[in-house]
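*Asks:* Structure in structure tokens, see below.
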Amino acid sequence: MADGQYKAKLQDVRANAARLYKAAPEPMKAFQSLVNATLKDGALSVRHKELVALAIAIATRCEGCIVHHVDAARRHGATREEVAETIAVAVEMGGGPATVYGATALAAFDEFAA
């Protein structure tokens, strides 16, 4: 993969989301309220919640979600080893296709960490 590919993908995801927020502000504000209410430290830390979201993103094969949640998990202190274990859980739940998206998640983590 080309250097910077996942950083560029993350920028695209953010730019596309900004356009959607502008086009449909009320539903997107409601969605953002859900995100804000969910992604707080509680019984699970934000780091752990981002790892759960990453596993779901891998299992559902959402590349934009993967790069977003890899970046967020890393920013909240997730280690490469935690990301690798999260990928393993996603593969167990998502089967063969999750191995492809899991490899994407690991490559994105390595790029963001560089």
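The values are calculated or read from the model by the stated rules, or taken from the named source; none is laboratory data. Since the model is a prediction, treat every value here as computed from it, not as a measurement. Virtual Cβ from ideal backbone geometry, glycine too; neighbours counted across all protein chains shown. Heavy atoms of the whole protein, side chains included, go into the accessibility calculation; ligands, DNA and RNA do not. Shrake-Rupley method; radii C 1.70, N 1.55, O 1.52, S 1.80 Å.
*Asks:* What number of residues in region 69-81 are touching a helix residue (DSSP H, G or I) at 6+ places or on another chain (Cβ under 6 Å) and farther than 20 Å from residue 9 by Cβ?
*Replies:* 1
Yes or no, residue by residue, for (1) in a helix (DSSP H, G or I); (2) of a type outside the set (Phe, Trp, Tyr); (3) over 16 Å from residue 4 (Cα atoms):
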| residue | (1), (2), (3) |
| --- | --- |
| 87 | yes, yes, yes |
| 93 | yes, yes, yes |
| 97 | yes, yes, yes |
| 100 | yes, yes, yes |
| 106 | yes, yes, no |
| 112 | yes, no, no |
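*Asks:* Answer yes if at least one residue in region 60-72 is β-branched (Val, Ile, Thr), surrounded by 11 or more Cβ atoms within 10 Å (Cβ to Cβ) and free of Cβ contacts under 8 Å to residues at least 24 places away in the same chain, and no otherwise.
*Replies:* Taking every residue of region 60-72 in turn, none turns out to be β-branched (Val, Ile, Thr), surrounded by 11 or more Cβ atoms within 10 Å (Cβ to Cβ) and free of Cβ contacts under 8 Å to residues at least 24 places away in the same chain.
*Asks:* For region 29-58, how many residues meet the condition of being open to solvent by 80 Å² or more (accessible area, probe 1.4 Å), in a helix (DSSP H, G or I) and farther than 18 Å from residue 105 by Cβ?
*Replies:* 4
*Asks:* Name the pairs: first residue in region 9-28 and modelled with pLDDT of 95 or more and assigned to a helix (DSSP H, G or I), second residue exposed (fewer than 14 other Cβ atoms within 10 Å of the Cβ) and of a type in the set (D, E, K, R), Cβ to Cβ under 9 Å, at least 6 apart or on different chains?
*Replies:* As it stands, the answer is 21/29; 28/22, since those pairs meet every condition given.
*Asks:* Could you identify the single residue in 90, 108 that is hydrophobic (A, V, I, L, M, F, W, C), touching an Asp or Glu at 6+ places or on another chain (Cβ under 8 Å) and surrounded by 15 or more Cβ atoms within 10 Å (Cβ to Cβ)?
*Replies:* 108
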